[in-house]
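K.L.:
What follows is a single structure, and I will ask about it in a moment.
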Amino acid sequence: MSLFDVYPLYDVTPIKAQDVWVYDSKPTKYLDLYGGHAVISIGHSHPKYVENLTKQLGDIGFYSNAVHNPLQEALGERLPVQSGCPDYQLFMCSSGAEANENALKVASFVTGRKKVVAFNNSFHGRTSAAVAATDNPKIVAPINAQQEVEFLPLGDLDALAGVLAKGDVCAVIVEFIQGVGGLDISTKEFYEGIDKLCKQTGTMLIADEVQAGFGRTGRFFAFQEYDVQPELISMAKGMGNGFPVGGILIHPSIDAEFGMLGTTFGGNHLACVAALTVLEVLEEENLLEHALRVSDHFNARALDFPQIKGVKGRGLMLGIEFDFDTSALRKQLIYDQHIFTGSAKNKNLIRILPPLTVQNVHIDQFFDALKIELEKI
Ligand SMILES: Cc1ncc(COP(=O)(O)O)c(C=O)c1O
């Protein structure tokens, strides 16, 4: 084995994919309710995506950020408007961790402070400051542990008020729906309270929309469920439908300085075309509204199952909770039913993160398969 062996692998080798389907060489057809970890937004190999990226590759695939890139400018115009954050400024990078890392840097540059507040069960990525703000000591190396991060219970506004009152926190970073942690959502009062406390204490609010953003929850960003205005919004996953692209939206009150942030690959021509195509298809196919309709169907079907203790999350960022470890059940779903689902830190949860093009008929297929597999347990 010459690969650095960090991933426990399922014995599946996808070689082709179309919309919600993934095929191996046999060919076995798998229903993808995992989206490669919430990445596939407009469906695998969407015809428009293939056409636009292919054409762009034939023109110019990459040049550095030292020259004008009209595609990046077009995305900088379109994304803030379409996402409902007009006037925000766009900085592009290539992954979710990098997006959060850059958001934390901006917050620290602007406030001159270095302490961060994050919440229990959070996941923000694996780079230096992002991993330090991630509530999982197993993935925090000693070199990352030097960052000053305080973890607070999700929902504890008094604890947050106490910490922010000291005036030394540059950013509060929060997932408005926790992804890897297990789909927990706090209250409207809590989220709106964070925003107020941040504004009162000159602290930047970072909305980590890496997983929830780009329409997955039925809104463009999950934080838009509430009356909050983050200074920084990090994005990745669904933004590129599989092309590695991430970015941050930065509040218009924050001024850029040359050299403050930078990247070689971020915002390259192919990345911009991927993100622009995702925006186009989200709008043309009304995928945000569609996500909510399919989500309603999912929730209704889940009611037929006494074994399901609850459905967590919103839109097509869902978790179904059982009162047992679901690892074996997920394996049965893959190998016996040919359906991909996701896991979470909460082992009793199965995560559902399908392409936003998923249809009710696919949800029915999942529940029919689940019924068969639950009967075997
Ligand atoms: C909420 C959230 N933030 C950040 C990340 C890190 O993204 P990436 O793996 O692209 O670095 C993830 C990845 O799962 C995530 O779910």
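K.L.:
Please list, ordered by first then second residue, the pairs with beta carbon atoms under 9 Å, 6 or more apart or interchain, first in the stretch 50-68 and under 18 Å from E280 (Cβ atoms), second of a type in the set (S, T, N, Q) and in a helix (DSSP H, G or I).
P.N.:
E51/T277; N52/T277; L53/T277
K.L.:
When you look at K26, is it of a type in the set (D, E, K, R), farther than 22 Å from F367 by Cβ and either in contact with a helix residue (DSSP H, G or I) (Cβ under 9 Å, 6 or more places away or on another chain) or outside the structural domain of L316 (by TED's automatic domain parsing) (or both), yes or no?
P.N.:
Here the answer is no, as K26 does not meet what is asked.
K.L.:
Do you know which residues across the stretch 139-167 are among the β-branched types (V, I, T) and in a helix (DSSP H, G or I)? Don't jump to the end; show me each part of the working.
P.N.:
Filtering the stretch 139-167 down to residues among the β-branched types (V, I, T) leaves 139-140, 143, 149, 163.
Hits for the stretch 139-167 are I139, V163.
K.L.:
Can you give me the number of residues within the stretch 168-209 that are part of a loop (DSSP other than H, G, I, E, B) and either within 16 Å of the ligand (Cβ to nearest atom) or not β-branched (V, I, T) (or both)?
P.N.:
Residues flagged as part of a loop (DSSP other than H, G, I, E, B) and either within 16 Å of the ligand (Cβ to nearest atom) or not β-branched (V, I, T) (or both) within the stretch 168-209 amount to 15.
K.L.:
Are there any pairs, at least 6 apart or on different chains, whose C-beta atoms fall under 8 Å, with the first in the stretch 118-140 and of a type in the set (D, E, K, R) and the second surrounded by fewer than 18 Cβ atoms within 10 Å (Cβ to Cβ), and if so, which?
P.N.:
Taking only residues 6 or more apart or on different chains, the pairs are R126/I139; D135/N120; D135/F151.
K.L.:
Next question. Got a sec? Which of F223, F243, F265 is surrounded by fewer than 23 Cβ atoms within 10 Å (Cβ to Cβ), in contact with a helix residue (DSSP H, G or I) (Cβ under 8 Å, 6 or more places away or on another chain) and within 24 Å of G315 (Cα to Cα)?
P.N.:
F243
K.L.:
With the condition kept exactly as written, say whether any residue in the stretch 250-257 is in contact with a helix residue (DSSP H, G or I) (Cβ under 7 Å, 6 or more places away or on another chain), within 16 Å of the ligand (Cβ to nearest atom) and not acidic (D, E).
P.N.:
no
K.L.:
For the stretch 1-96, which fully contained helices (runs of 4 or more DSSP H) count at least 2 residues that are under 20 Å from the mean Cα position of the chain (by Cα)?
P.N.:
35-38, 70-82
K.L.:
Also, I was wondering about something else. Within the stretch 73-92, does at least one residue satisfy the condition of being within 16 Å of the ligand (Cβ to nearest atom) and closer than 26 Å to R219 by Cα?
P.N.:
Yes, there is a match, as at least one residue in the stretch 73-92 is within 16 Å of the ligand (Cβ to nearest atom) and closer than 26 Å to R219 by Cα.
K.L.:
Another question, if that's okay. Scanning the stretch 93-120 for residues that are under 22 Å from V39 (Cα atoms) and surrounded by fewer than 23 Cβ atoms within 10 Å (Cβ to Cβ), which turns out nearest to the ligand (Cβ to nearest atom)?
P.N.:
S95
K.L.:
Of all residues in the stretch 126-135, which are surrounded by fewer than 24 Cβ atoms within 10 Å (Cβ to Cβ) and near the ligand (Cβ under 8 Å from one of its atoms)? Steps first, answer last, please.
P.N.:
Step one: list which residues in the stretch 126-135 are surrounded by fewer than 24 Cβ atoms within 10 Å (Cβ to Cβ), which gives 126-128, 131-132, 135.
If the condition is that a residue be surrounded by fewer than 24 Cβ atoms within 10 Å (Cβ to Cβ) and near the ligand (Cβ under 8 Å from one of its atoms), then R126, T127 are the ones that fit.
K.L.:
Still on this structure: Quick one: is A300 at negative phi and without any contact (Cβ under 8 Å) to a residue 24 or more places away in the chain? Give the derivation first.
P.N.:
Numbers: at negative phi: yes; without any contact (Cβ under 8 Å) to a residue 24 or more places away in the chain: yes.
So A300 passes the test.
The values are calculated or read from the model by the stated rules, or taken from the named source; none is laboratory data. Quick caveat, the model's predicted, so the values are computed rather than measured. Cβ: placed from backbone, ideal geometry, glycine included. Neighbour counts: every protein chain shown.
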